[in-house]
């Protein structure tokens, strides 16, 4: 199989892998799975599975939580495995290549998500205004194809065709401060998500609970699940007390009309 | 009640529709409103049924284009509850405050994500990965297959039952005689829960690290530890509140987003902040 055919096949597989996000975030985009798929395309399933597992363990912390975004595991997993098989250089080589391409594609993915997806979002708003749910539905899928699936496929196909060293050089061309800066920005990014949530629910009479949650984590380091449990108990107690106050007030208001007493 | 027959009701098959569509929750994830388009996609079939009139339908569609972000396997709980609320709104438009729908969404997504992320991402996926890689490292195709099964079977079961239970919970609460009072309480309680979790997440998930040290030698103190000495996680808190203030001033999300990127790169260039 020549390199061009392999590049095209890898691109096709990469276009399909983001179906992860159409199937309930089913994790088929994890290197453990994509390694096997890449191995299948490259004609060496066994090596593909082993490389995939090795890259998986290296990337195990790379998951999306809230608005924070990890290096791209799809580009990293597929290209790392593909280069390891095509060069026969083994697992260490797969991982050292997986990280730069994953970091490089994260930059591209961020740019696409910032610049291209809002076009579909805006269209979607227009269709919502018109009450046109049929076209609104399409925007969800078009956004997926245009931003998540196709560009990744083109990137992976091209990167494989050009070869690993070119990719590493390309990443090295980007100055350190840009990469650091993107990471600094990624650290701040979740703040926007929380501010958007606050905008939806923050009112004066409940603002104190935000402070409480913040202090519980900052001073006592209670994990989020723990804070949820405390919050649930507090909510129960407050609602219970308020119900009792309401009841006693109703009784006072109703006075002599209250048949129960 | 005679109007009972005219009521528009959500059936089991409508819930199935929500279930299948909810699988695309992260298809068009965006920085501005995150999973919103998929959320409205999940709800649209039901909304079409509940609101044959264009004006009401448009209102409902716009409602579900609002910001949404939730751990995917638990997201359907919110969908179920809001489906019941939409049903109530369609049947009794005069006594129902549609704004409460987005209040409930906003309040539930934080706590559910806290639970969902730590269970599904932090526990189940790690378990599945451990099992999967132990086979895969030997080259067995069972590795990836077991990995997918161990993760997805529980996730799909939770997704379906979360939806059904969420709908039942919403519907039973709203059918209660004092439904409006109860709903108000629910909305209030949910915002207590939501705000505490958002407070905690603001501290734990926003990271800003100041580079550089103050003083020299062994006495040197990092700027970062000094700032945290005043109030732990002071900078993340300041960031969240500042962005909240910008949103109140009607600054667009895209402008804020671009601002964060430019700010990050500038601060890294000047060596003030580090990742």
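Against the criterion of being modelled with pLDDT under 90 and part of a helix (DSSP H, G or I), residue A:178 qualifies. Of A:212, A:197, all but one fail to be facing another protein chain (nearest Cβ under 7 Å), more than 25 Å from the chain's Cα centre (by Cα) and part of a helix (DSSP H, G or I); the exception is A:212. In region A:113-129, of all residues being facing chain B (nearest Cβ under 7 Å) and closer than 13 Å to residue B:65 by Cα, the one that is surrounded by the most Cβ atoms within 10 Å (Cβ to Cβ) corresponds to A:124. When restricted to residues that are closer than 20 Å to residue A:196 by Cα and either under 16 Å from the mean Cα position of the chain (by Cα) or in a helix (DSSP H, G or I) (or both), region B:75-110 contains 16. Flag: residue A:181 does not match the condition of being facing another protein chain (nearest Cβ under 10 Å), under 30 Å from residue A:41 (Cα atoms) and buried (at least 21 other Cβ atoms within 10 Å of the Cβ). Could you tell me whether residue A:218 is modelled with pLDDT of 90 or more and facing another protein chain (nearest Cβ under 7 Å)? Judged against the criteria, residue A:218 is a match.
So that you can scan it fast, the table gives a plain yes or no per residue for (1) modelled with pLDDT under 95; (2) in the same structural domain as residue A:144 (by TED's automatic domain parsing); (3) more than 26 Å from residue A:143 (Cα to Cα):
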site: A:34; (1), (2), (3): no, yes, no
site: A:39; (1), (2), (3): no, yes, yes
site: A:43; (1), (2), (3): yes, yes, yes
site: A:48; (1), (2), (3): no, yes, yes
site: A:51; (1), (2), (3): yes, yes, yes
site: A:57; (1), (2), (3): yes, yes, yes
site: A:61; (1), (2), (3): yes, yes, yes
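Where helices (runs of 4 or more DSSP H) fall wholly inside region B:221-275, the ranges with 3 or more residues that are within 7 Å of chain A (Cβ to nearest Cβ) and either touching a residue at least 60 places away in the same chain (Cβ under 8 Å) or buried (at least 17 other Cβ atoms within 10 Å of the Cβ) (or both) are B:234-248, B:253-270. Against the test of being away from chain B (no Cβ under 11 Å), more than 21 Å from residue B:26 (Cβ to Cβ), surrounded by fewer than 18 Cβ atoms within 10 Å (Cβ to Cβ) and free of Cβ contacts under 8 Å to residues at least 60 places away in the same chain, the options A:80, A:90 yield a single qualifying residue, A:90.
Against the conditions (1) within 14 Å of another protein chain (Cβ to nearest Cβ); (2) modelled with pLDDT under 85, residue A:85 satisfies every one except (2).
The set of residues in region A:221-230 that are over 14 Å from residue B:204 (Cα atoms) and at pLDDT below 90 contains only A:229. Check region B:155-168 and report whether any residue there is more than 7 Å from chain A (Cβ to nearest Cβ), surrounded by fewer than 18 Cβ atoms within 10 Å (Cβ to Cβ), over 25 Å from residue B:102 (Cβ atoms) and under 24 Å from the mean Cα position of the chain (by Cα). Within region B:155-168 (the criterion being more than 7 Å from chain A (Cβ to nearest Cβ), surrounded by fewer than 18 Cβ atoms within 10 Å (Cβ to Cβ), over 25 Å from residue B:102 (Cβ atoms) and under 24 Å from the mean Cα position of the chain (by Cα)), the answer is yes, since at least one residue qualifies. Of the residues making up region A:27-43, those that are more than 7 Å from chain B (Cβ to nearest Cβ), free of Cβ contacts under 8 Å to residues at least 60 places away in the same chain and over 15 Å from residue A:2 (Cα atoms) number 8. Candidates are the residues of region B:169-210 that are facing chain A (nearest Cβ under 7 Å) and within 18 Å of residue B:101 (Cα to Cα); the one that is nearest to the chain's Cα centre (by Cα) is B:194.
Matching residues to (1) surrounded by fewer than 24 Cβ atoms within 10 Å (Cβ to Cβ); (2) touching a residue at least 40 places away in the same chain (Cβ under 8 Å); (3) touching a strand residue (DSSP E or B) at 6+ places or on another chain (Cβ under 9 Å); (4) over 23 Å from residue A:126 (Cα atoms):
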| residue | (1), (2), (3), (4) |
| --- | --- |
| B:65 | yes, no, no, no |
| B:74 | no, yes, no, yes |
| B:95 | yes, yes, no, yes |
| B:104 | yes, yes, no, yes |
| B:110 | no, yes, no, yes |
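Close Cβ contacts (under 6 Å, 6 or more residues apart or on different chains) running from residues in region B:120-141 that are more than 7 Å from every other protein chain (Cβ to nearest Cβ) to residues that are in a helix (DSSP H, G or I) and surrounded by fewer than 18 Cβ atoms within 10 Å (Cβ to Cβ) comprise B:135/B:142. The residues listed here are A:110, A:172; of these, the one that is away from chain B (no Cβ under 11 Å), closer than 27 Å to residue A:51 by Cα and at pLDDT below 90 is A:172. Against the test of being within 30 Å of residue B:264 (Cα to Cα), crowded, with 20+ Cβ neighbours inside 10 Å, more than 8 Å from chain B (Cβ to nearest Cβ) and touching a helix residue (DSSP H, G or I) at 6+ places or on another chain (Cβ under 7 Å), the options A:164, A:157 yield a single qualifying residue, A:164.
The values are calculated or read from the model by the stated rules, or taken from the named source; none is laboratory data. Only a predicted model underlies this, so the values are computations on that prediction, with no experimental measurement involved. As a convention, Cβ positions derive from the backbone with ideal geometry for all residues, glycine included, and neighbour counts pool all protein chains shown.
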